[in-house]
């Protein structure tokens with residue numbers, strides 16, 4: 001009679017035990033992710049969400065939640081197609097870098113070399129400055145422009161006619177117009193529409209079969225509908241002209257399955273050369289010698305000293321975010337079909353669910369006067385009165401200040417304010433971001449206040465935890 005090998009049996013049992021433990025842990029993570037996503041969808045009134053959680057290059061969760069189309073009662077699946085919003089800017093910068101590698105574009109060359117005659121104010125602008133939002137180009141075209149069809153040459157002429165917000169290289173300010181110009185530049189240099197260039201050079205080689213330029217005319221299987229809240233009631237997304245829905249500031253369709261493939265390429269540093277990726281991930285350099293934590297279509301931050309490379313998007317009733325915690329090998333991707341959704345907060349919250357190391361912790365308060373000032377700002381927002389307009393930059397007085405009371409009314413629904421603690425501060429001299437963990441009785445948030453070089457508030461952001 002053959003005797004069993006006790007060592008082999010013991011090893012087999014050990015492997016089975018490890019496998020069972022790993023399976024149990026995976027199920028526990030998925031259960032916690034499900035609970036968190038469902039709670040946030042209810043709180044934020046989001047119809048549908050697709051989520052990918054990736055660890056060390058391997059997707060551990062790729063799921064849909066809620067409805068892709070409310071009218072037809074269609075559920076979100078991993079295959080569901082969402083719009084990208086500005087999260088698509090990373091592909092525009094990739095297209096530019098591919099042409100840099102071909103020797104057809106120089107990052108530090110003036111953009112006039114590639115887009116033809118420019119107004120006097122544009123003459124100092126370099127390609128690098130447009131990629132990093134330091135060119136001074138305004139953020140957006142007018143609402144009226146978005147319901148008109150323009151050729152690329154007409155749109156470029158409109159961009160050139162817009163006055164700059166500041167001297168190129170002196171500040172950082174987000175610019176959709178700049179990335180529209182970059183897409184037109186790619187078309188001019190490559191001889192192909194930038195979307196076709198990306199299809200040939202990036203999407204097809206990576207097997208990203210659903211990623212493409214937006215087209216509301218085409219039949220797109222698994223396409224989600226975009227929604228917005230109007231006085232608490234869900235409405236369909238607003239209409240945009242076909243050509244204004246194809247620009248390079250973020251006009252893509254995609255699914256989380258395709259984005260998992262993209263994350264794998266990013267992890268392997270595929271598509272571009274290592275030196276090109278170094279440029280993509282380098283912070284913007286300003287004329288005064290400081291830097292701003294934004295590269296080419298990517299923003300940079302830290303959580304508990306660990307690096308996160310990230311970009312969000314918003315367009316036509318869709319909100320998106322990809323957060324890559326590169327020191328931890330964790331990537332979170334969130335696609336939602338509601339204009340008021342908070343995908344950044346969702347992504348960061350999911351990171352905390354997945355890894356205890358990514359639970360952001362308050363730090364020692366080294367600037368108590370600043371903390372007190374910003375807490376008073378929040379208190380005034382909640383009260384809807386007592387806001388000091390002079391504390392804001394000229395631009396923020398026009399665009400941000402009128403919305404503060406409305407933001408405060410929304411935050412009041414989270415219950416009484418319980419605590420206000422500083423988190424890691426980001427930035428240098430220009431656009432310093434002061435971040436706080438704020439706990440209300442029903443909902444914690446991250447409250448971020450951006451301060452410019454004149455100590456004026458130039459921006460404000462609220463993320464749900």
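Among 76, 37, which is the only one that is more than 24 Å from residue 356 (Cα to Cα), under 21 Å from the mean Cα position of the chain (by Cα), in contact (Cβ under 8 Å) with a residue 12 or more places away in the chain and crowded, with 17+ Cβ neighbours inside 10 Å? Break it down stepwise before answering.
Details: 37 fails: more than 24 Å from residue 356 (Cα to Cα).
It is 76.
Any chance segment 22-31 includes a residue that's outside any helix (DSSP H, G or I) and at pLDDT 55 or above? Before you say what the answer is, go through the steps one by one.
Quick first cut of segment 22-31, residues outside any helix (DSSP H, G or I) only: none.
No - not one qualifying residue is present in segment 22-31.
Please work out if residue 136 is without any contact (Cβ under 8 Å) to a residue 40 or more places away in the chain and in contact with a strand residue (DSSP E or B) (Cβ under 9 Å, 6 or more places away or on another chain). Explain how you work it out, then say what you get.
Details: without any contact (Cβ under 8 Å) to a residue 40 or more places away in the chain: yes; in contact with a strand residue (DSSP E or B) (Cβ under 9 Å, 6 or more places away or on another chain): no.
It is false that residue 136 is without any contact (Cβ under 8 Å) to a residue 40 or more places away in the chain and in contact with a strand residue (DSSP E or B) (Cβ under 9 Å, 6 or more places away or on another chain).
Anything in segment 46-56 that is surrounded by 14 or more Cβ atoms within 10 Å (Cβ to Cβ) and out of contact with any helix residue (DSSP H, G or I) (no Cβ under 7 Å at 6 or more places or on another chain)? List them, or say none. I'd like the intermediate steps shown before the answer.
At the first step, the residues of segment 46-56 found to be surrounded by 14 or more Cβ atoms within 10 Å (Cβ to Cβ) are 46-55.
Result: 46, 47, 48, 55.
Select from segment 420-465 the residues that are surrounded by fewer than 17 Cβ atoms within 10 Å (Cβ to Cβ) and at positive phi and list them in ascending order.
429, 455 - these are the residues of segment 420-465 that are surrounded by fewer than 17 Cβ atoms within 10 Å (Cβ to Cβ) and at positive phi.
Looking only at segment 57-68, count how many residues are over 21 Å from the mean Cα position of the chain (by Cα) and surrounded by fewer than 19 Cβ atoms within 10 Å (Cβ to Cβ).
As a first pass, look at segment 57-68 and keep what is over 21 Å from the mean Cα position of the chain (by Cα): 58, 60, 66-67.
This time we only want the ones that are surrounded by fewer than 19 Cβ atoms within 10 Å (Cβ to Cβ), so: 58, 60.
So the count comes out to 2.
The values are calculated or read from the model by the stated rules, or taken from the named source; none is laboratory data. Predicted, not measured: the structure shown is a model, and the values here were computed from it. Ideal geometry is used to build each Cβ from the backbone, glycine not excepted, and the neighbour counts take in all protein chains shown.
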